[in-house]
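To start, the structure under review is shown below, and the notes come after it.
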Amino acid sequence: MKHNTTSFNTQLQQRGYQLLDELIVNRSLAAKFFFLATGGFFLFLPVFLAIYAFFTGTNQDIDFAFSQVQGWLGTLLLIVLTIVLHELIHGAVMSIYGGKPRYGVGLSHFVLPYAYATSSKVFTRNQFLQITLAPFVLISVLGVLLMVLLRIPWLAIALAINAAGAIVDIWVSSIVWRYPRHILAEDTAIGLRIYGKSGDRRVAHSANNLFWSFLTGFAISMVVIWLGLGFVLPVILSILGIENLTLGIPDTPLSLYQYQRTDSGGFLSSIQFINVLALSSAVGLIYGINNSKSKTK
(Lines give C-alpha, C1' and ligand atoms only; values in the text may rest on other atoms or scores of the structure.)
Protein backbone atom coordinates (compact mmCIF):
# COMPACT_ATOMS: atom_id res chain seq x y z
CA MET A 1 0.00 0.00 0.00
CA LYS A 2 1.37 3.36 -0.99
CA HIS A 3 -0.71 5.54 1.37
CA ASN A 4 0.38 6.15 4.96
CA THR A 5 -1.41 3.44 6.98
CA THR A 6 -1.60 5.43 10.23
CA SER A 7 -2.98 8.53 8.51
CA PHE A 8 -5.41 6.41 6.53
CA ASN A 9 -6.77 4.69 9.65
CA THR A 10 -7.09 8.03 11.43
CA GLN A 11 -9.16 9.43 8.59
CA LEU A 12 -11.45 6.41 8.71
CA GLN A 13 -11.88 6.70 12.47
CA GLN A 14 -12.76 10.37 12.14
CA ARG A 15 -15.53 9.36 9.72
CA GLY A 16 -16.80 6.75 12.18
CA TYR A 17 -15.39 3.74 10.31
CA GLN A 18 -13.63 0.71 11.74
CA LEU A 19 -12.30 -2.58 10.40
CA LEU A 20 -15.19 -5.06 10.15
CA ASP A 21 -13.69 -7.96 8.28
CA GLU A 22 -10.42 -9.00 6.70
CA LEU A 23 -9.52 -11.78 4.30
CA ILE A 24 -5.88 -12.84 4.00
CA VAL A 25 -4.84 -15.59 1.59
CA ASN A 26 -2.67 -18.07 3.50
CA ARG A 27 -1.24 -21.34 2.20
CA SER A 28 -4.28 -23.40 3.15
CA LEU A 29 -6.68 -20.91 1.59
CA ALA A 30 -4.57 -20.70 -1.58
CA ALA A 31 -4.74 -24.48 -1.99
CA LYS A 32 -8.49 -24.47 -1.47
CA PHE A 33 -9.03 -21.67 -3.98
CA PHE A 34 -6.95 -23.63 -6.50
CA PHE A 35 -9.21 -26.65 -5.97
CA LEU A 36 -12.35 -24.53 -6.32
CA ALA A 37 -11.06 -22.91 -9.52
CA THR A 38 -10.30 -26.36 -10.95
CA GLY A 39 -13.85 -27.48 -10.14
CA GLY A 40 -15.11 -24.25 -11.68
CA PHE A 41 -13.40 -25.06 -14.98
CA PHE A 42 -15.29 -28.37 -15.20
CA LEU A 43 -18.46 -26.46 -14.41
CA PHE A 44 -18.13 -23.67 -16.97
CA LEU A 45 -16.59 -25.50 -19.95
CA PRO A 46 -19.71 -27.59 -20.72
CA VAL A 47 -21.88 -24.54 -20.06
CA PHE A 48 -20.13 -22.49 -22.75
CA LEU A 49 -20.03 -25.46 -25.12
CA ALA A 50 -23.75 -25.98 -24.56
CA ILE A 51 -24.41 -22.32 -25.38
CA TYR A 52 -22.39 -22.71 -28.56
CA ALA A 53 -24.30 -25.87 -29.52
CA PHE A 54 -27.65 -24.23 -28.81
CA PHE A 55 -27.09 -21.10 -30.92
CA THR A 56 -25.24 -22.78 -33.79
CA GLY A 57 -27.43 -25.88 -34.03
CA THR A 58 -24.43 -28.18 -33.62
CA ASN A 59 -25.61 -31.79 -33.63
CA GLN A 60 -22.31 -33.57 -33.19
CA ASP A 61 -19.40 -33.56 -30.75
CA ILE A 62 -17.12 -30.58 -31.13
CA ASP A 63 -13.68 -31.43 -32.46
CA PHE A 64 -11.08 -29.06 -31.07
CA ALA A 65 -8.33 -30.42 -33.36
CA PHE A 66 -5.53 -29.97 -30.83
CA SER A 67 -3.35 -32.76 -32.20
CA GLN A 68 -0.76 -30.27 -33.48
CA VAL A 69 1.68 -28.36 -31.31
CA GLN A 70 0.55 -25.08 -32.89
CA GLY A 71 -2.97 -25.70 -31.61
CA TRP A 72 -1.80 -26.11 -28.03
CA LEU A 73 0.51 -23.08 -28.23
CA GLY A 74 -2.31 -21.04 -29.69
CA THR A 75 -4.59 -22.13 -26.85
CA LEU A 76 -1.95 -21.23 -24.25
CA LEU A 77 -1.55 -17.79 -25.82
CA LEU A 78 -5.32 -17.33 -25.82
CA ILE A 79 -5.49 -18.20 -22.12
CA VAL A 80 -2.69 -15.74 -21.27
CA LEU A 81 -4.40 -12.99 -23.27
CA THR A 82 -7.67 -13.74 -21.47
CA ILE A 83 -6.00 -13.41 -18.06
CA VAL A 84 -4.37 -10.13 -19.12
CA LEU A 85 -7.70 -8.82 -20.39
CA HIS A 86 -9.37 -9.92 -17.14
CA GLU A 87 -6.97 -7.82 -15.04
CA LEU A 88 -7.08 -4.85 -17.41
CA ILE A 89 -10.86 -4.74 -17.03
CA HIS A 90 -10.46 -4.76 -13.23
CA GLY A 91 -8.04 -1.86 -13.57
CA ALA A 92 -10.21 0.07 -16.03
CA VAL A 93 -13.18 0.06 -13.67
CA MET A 94 -10.89 1.07 -10.78
CA SER A 95 -9.78 4.04 -12.88
CA ILE A 96 -13.38 5.04 -13.54
CA TYR A 97 -13.86 5.41 -9.79
CA GLY A 98 -10.66 7.35 -9.21
CA GLY A 99 -8.23 4.55 -8.45
CA LYS A 100 -4.72 4.16 -9.87
CA PRO A 101 -4.42 0.46 -10.71
CA ARG A 102 -1.21 -1.49 -10.23
CA TYR A 103 -0.73 -4.85 -11.94
CA GLY A 104 1.36 -7.90 -11.15
CA VAL A 105 1.62 -11.68 -11.01
CA GLY A 106 2.61 -14.04 -8.25
CA LEU A 107 2.51 -17.53 -6.80
CA SER A 108 0.69 -17.56 -3.49
CA HIS A 109 2.56 -19.84 -1.07
CA PHE A 110 3.91 -21.82 -4.08
CA VAL A 111 0.38 -23.21 -4.54
CA LEU A 112 -1.88 -20.73 -6.32
CA PRO A 113 -0.61 -18.83 -9.40
CA TYR A 114 -2.40 -15.53 -9.81
CA ALA A 115 -2.45 -12.22 -11.61
CA TYR A 116 -3.83 -9.12 -9.95
CA ALA A 117 -4.92 -5.53 -10.38
CA THR A 118 -5.04 -3.52 -7.19
CA SER A 119 -5.23 0.07 -6.01
CA SER A 120 -4.48 1.93 -2.78
CA LYS A 121 -7.88 3.65 -3.00
CA VAL A 122 -10.81 2.30 -0.98
CA PHE A 123 -14.12 1.88 -2.78
CA THR A 124 -17.75 1.86 -1.74
CA ARG A 125 -19.62 -1.42 -1.73
CA ASN A 126 -21.26 -0.95 -5.13
CA GLN A 127 -18.07 0.35 -6.73
CA PHE A 128 -16.14 -2.65 -5.43
CA LEU A 129 -18.80 -5.07 -6.71
CA GLN A 130 -18.57 -3.55 -10.18
CA ILE A 131 -14.77 -3.73 -10.13
CA THR A 132 -14.81 -7.34 -8.98
CA LEU A 133 -17.48 -8.74 -11.31
CA ALA A 134 -16.83 -6.69 -14.47
CA PRO A 135 -14.25 -9.10 -16.05
CA PHE A 136 -16.45 -12.16 -15.54
CA VAL A 137 -19.52 -10.47 -17.04
CA LEU A 138 -17.86 -8.60 -19.93
CA ILE A 139 -15.54 -11.38 -21.09
CA SER A 140 -18.28 -14.01 -20.84
CA VAL A 141 -20.80 -11.95 -22.84
CA LEU A 142 -18.37 -10.71 -25.51
CA GLY A 143 -16.63 -14.10 -25.70
CA VAL A 144 -19.90 -15.96 -26.29
CA LEU A 145 -20.85 -13.50 -29.04
CA LEU A 146 -17.49 -14.01 -30.80
CA MET A 147 -17.61 -17.78 -30.31
CA VAL A 148 -21.08 -18.07 -31.85
CA LEU A 149 -20.80 -15.47 -34.61
CA LEU A 150 -17.34 -16.59 -35.79
CA ARG A 151 -17.99 -20.32 -35.18
CA ILE A 152 -14.88 -20.88 -33.05
CA PRO A 153 -15.93 -23.34 -30.29
CA TRP A 154 -12.45 -23.59 -28.75
CA LEU A 155 -12.99 -20.09 -27.35
CA ALA A 156 -15.00 -21.95 -24.70
CA ILE A 157 -11.70 -23.03 -23.13
CA ALA A 158 -10.57 -19.43 -22.56
CA LEU A 159 -14.03 -18.45 -21.36
CA ALA A 160 -14.07 -21.35 -18.89
CA ILE A 161 -10.60 -20.40 -17.62
CA ASN A 162 -11.75 -16.82 -17.11
CA ALA A 163 -14.94 -17.89 -15.34
CA ALA A 164 -13.09 -20.39 -13.15
CA GLY A 165 -10.60 -17.70 -12.14
CA ALA A 166 -13.54 -15.44 -11.28
CA ILE A 167 -14.94 -17.88 -8.73
CA VAL A 168 -12.94 -16.17 -5.97
CA ASP A 169 -14.24 -12.80 -7.24
CA ILE A 170 -17.80 -14.14 -7.08
CA TRP A 171 -17.32 -15.48 -3.55
CA VAL A 172 -15.78 -12.22 -2.31
CA SER A 173 -18.60 -10.27 -3.96
CA SER A 174 -21.18 -12.47 -2.21
CA ILE A 175 -19.61 -11.40 1.11
CA VAL A 176 -19.34 -7.69 0.30
CA TRP A 177 -22.90 -7.60 -1.08
CA ARG A 178 -24.34 -8.41 2.34
CA TYR A 179 -22.92 -5.26 3.91
CA PRO A 180 -24.68 -1.86 3.82
CA ARG A 181 -24.03 0.37 0.79
CA HIS A 182 -21.88 2.85 2.76
CA ILE A 183 -19.13 0.37 3.71
CA LEU A 184 -15.65 0.76 2.19
CA ALA A 185 -13.65 -2.08 0.65
CA GLU A 186 -9.88 -2.13 0.20
CA ASP A 187 -8.11 -4.59 -2.11
CA THR A 188 -4.67 -5.50 -0.71
CA ALA A 189 -3.57 -7.74 -3.63
CA ILE A 190 -3.26 -10.67 -1.21
CA GLY A 191 -6.58 -10.11 0.51
CA LEU A 192 -9.41 -7.75 1.32
CA ARG A 193 -10.35 -5.35 4.13
CA ILE A 194 -13.87 -4.10 4.79
CA TYR A 195 -14.50 -0.95 6.83
CA GLY A 196 -17.84 0.11 8.26
CA LYS A 197 -19.52 1.81 11.19
CA SER A 198 -20.02 0.35 14.64
CA GLY A 199 -23.69 -0.36 14.05
CA ASP A 200 -23.09 -2.33 10.86
CA ARG A 201 -23.60 -6.06 10.95
CA ARG A 202 -20.44 -8.03 10.37
CA VAL A 203 -20.63 -10.77 7.75
CA ALA A 204 -18.01 -13.22 8.89
CA HIS A 205 -16.47 -15.17 6.02
CA SER A 206 -15.22 -18.71 6.30
CA ALA A 207 -12.99 -19.98 3.53
CA ASN A 208 -12.78 -23.34 5.29
CA ASN A 209 -16.55 -23.51 5.32
CA LEU A 210 -16.65 -22.66 1.61
CA PHE A 211 -14.16 -25.39 0.76
CA TRP A 212 -15.73 -28.18 2.83
CA SER A 213 -19.28 -27.15 1.94
CA PHE A 214 -18.30 -27.26 -1.74
CA LEU A 215 -16.88 -30.78 -1.31
CA THR A 216 -20.01 -31.87 0.57
CA GLY A 217 -22.40 -30.48 -2.04
CA PHE A 218 -20.26 -31.83 -4.89
CA ALA A 219 -20.00 -35.33 -3.41
CA ILE A 220 -23.69 -35.61 -2.53
CA SER A 221 -24.68 -34.36 -5.97
CA MET A 222 -22.37 -36.84 -7.70
CA VAL A 223 -23.76 -39.77 -5.69
CA VAL A 224 -27.39 -38.74 -6.25
CA ILE A 225 -26.91 -38.19 -10.00
CA TRP A 226 -25.02 -41.44 -10.57
CA LEU A 227 -27.44 -43.51 -8.51
CA GLY A 228 -30.45 -41.74 -9.97
CA LEU A 229 -29.41 -41.94 -13.62
CA GLY A 230 -27.42 -45.15 -13.43
CA PHE A 231 -29.81 -47.34 -11.40
CA VAL A 232 -33.09 -45.80 -10.27
CA LEU A 233 -34.23 -44.06 -13.48
CA PRO A 234 -33.52 -47.02 -15.84
CA VAL A 235 -35.51 -49.38 -13.58
CA ILE A 236 -38.46 -46.97 -13.49
CA LEU A 237 -38.36 -46.47 -17.25
CA SER A 238 -38.17 -50.23 -17.80
CA ILE A 239 -41.17 -50.87 -15.52
CA LEU A 240 -43.17 -48.17 -17.31
CA GLY A 241 -42.28 -49.73 -20.68
CA ILE A 242 -40.69 -46.58 -22.06
CA GLU A 243 -38.66 -47.36 -25.17
CA ASN A 244 -36.18 -44.48 -25.08
CA LEU A 245 -35.45 -41.26 -23.23
CA THR A 246 -32.89 -38.51 -23.69
CA LEU A 247 -32.09 -35.79 -21.19
CA GLY A 248 -30.63 -32.98 -23.29
CA ILE A 249 -29.81 -32.89 -27.00
CA PRO A 250 -28.19 -36.13 -28.28
CA ASP A 251 -24.56 -36.06 -29.47
CA THR A 252 -23.92 -32.51 -28.27
CA PRO A 253 -22.47 -30.95 -25.10
CA LEU A 254 -26.11 -30.50 -24.02
CA SER A 255 -26.58 -34.27 -23.68
CA LEU A 256 -26.64 -35.55 -20.08
CA TYR A 257 -28.30 -38.97 -20.26
CA GLN A 258 -29.60 -41.42 -22.86
CA TYR A 259 -31.76 -44.53 -22.29
CA GLN A 260 -32.65 -47.14 -24.93
CA ARG A 261 -34.70 -50.31 -24.43
CA THR A 262 -33.27 -53.36 -26.25
CA ASP A 263 -35.12 -56.10 -28.17
CA SER A 264 -34.17 -58.65 -25.54
CA GLY A 265 -36.05 -56.74 -22.86
CA GLY A 266 -33.01 -55.14 -21.31
CA PHE A 267 -31.78 -51.61 -21.73
CA LEU A 268 -28.75 -49.52 -22.60
CA SER A 269 -27.98 -46.23 -20.89
CA SER A 270 -25.18 -43.70 -21.09
CA ILE A 271 -24.22 -40.75 -18.90
CA GLN A 272 -22.07 -37.79 -20.01
CA PHE A 273 -19.44 -37.65 -17.28
CA ILE A 274 -18.32 -34.07 -18.03
CA ASN A 275 -21.89 -32.82 -17.61
CA VAL A 276 -22.27 -34.70 -14.34
CA LEU A 277 -19.09 -32.95 -13.16
CA ALA A 278 -20.51 -29.62 -14.28
CA LEU A 279 -23.83 -30.12 -12.52
CA SER A 280 -22.17 -31.41 -9.34
CA SER A 281 -19.72 -28.50 -9.33
CA ALA A 282 -22.60 -26.05 -9.69
CA VAL A 283 -24.44 -27.62 -6.75
CA GLY A 284 -21.24 -27.64 -4.68
CA LEU A 285 -20.43 -23.99 -5.40
CA ILE A 286 -23.96 -22.79 -4.65
CA TYR A 287 -24.07 -24.82 -1.45
CA GLY A 288 -20.57 -23.69 -0.47
CA ILE A 289 -21.16 -19.98 -1.04
CA ASN A 290 -24.49 -20.13 0.77
CA ASN A 291 -22.93 -21.83 3.81
CA SER A 292 -19.64 -19.90 3.96
CA LYS A 293 -21.19 -16.74 5.43
CA SER A 294 -22.75 -16.15 8.80
CA LYS A 295 -24.24 -12.99 10.23
CA THR A 296 -22.97 -11.59 13.46
CA LYS A 297 -23.47 -8.28 15.21
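The table below gives the values:
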{"item": "Simple spin-label estimate for Phe54 and Ile274 in nanometres, 7 Å along Cα-Cβ", "result": "1.7"}
{"item": "Cα-based Kirkwood hydrodynamic radius, segment 92-197, one decimal, Å", "result": "15.1"}
{"item": "Spin-label pair Leu142/Leu19, simplified geometry with 7 Å Cα→Cβ offset, distance in nm", "result": "3.7"}
{"item": "Heavy-atom accessible surface of segment 104-189: percent carbon and sulfur, 1.4 Å", "result": "70"}
{"item": "Fully extended contour minus Cα-Cα distance, from Asp263 to Leu149, at 0.36 nm per residue", "result": "36.7 nm"}
{"item": "Relative counts (whole %) of C-alpha pair distances in segment 144-188, using bins that are 5 Å wide", "result": "5, 17, 18, 15, 12, 10, 11, 8, 3"}
{"item": "Label-point separation, Ser120 to Leu227 (7 Å along Cα→Cβ), nm", "result": "5.7"}
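The values are calculated or read from the model by the stated rules, or taken from the named source; none is laboratory data. Quantities reported herein were computed from a predicted structural model and do not represent experimental measurements. Every residue, glycine as well, gets a Cβ built from its backbone with ideal geometry; the counts of neighbours run over all protein chains shown. Keep in mind that these areas ignore ligands, DNA and RNA; they rest on the heavy atoms of the full protein, side chains included. Shrake-Rupley method; radii C 1.70, N 1.55, O 1.52, S 1.80 Å.
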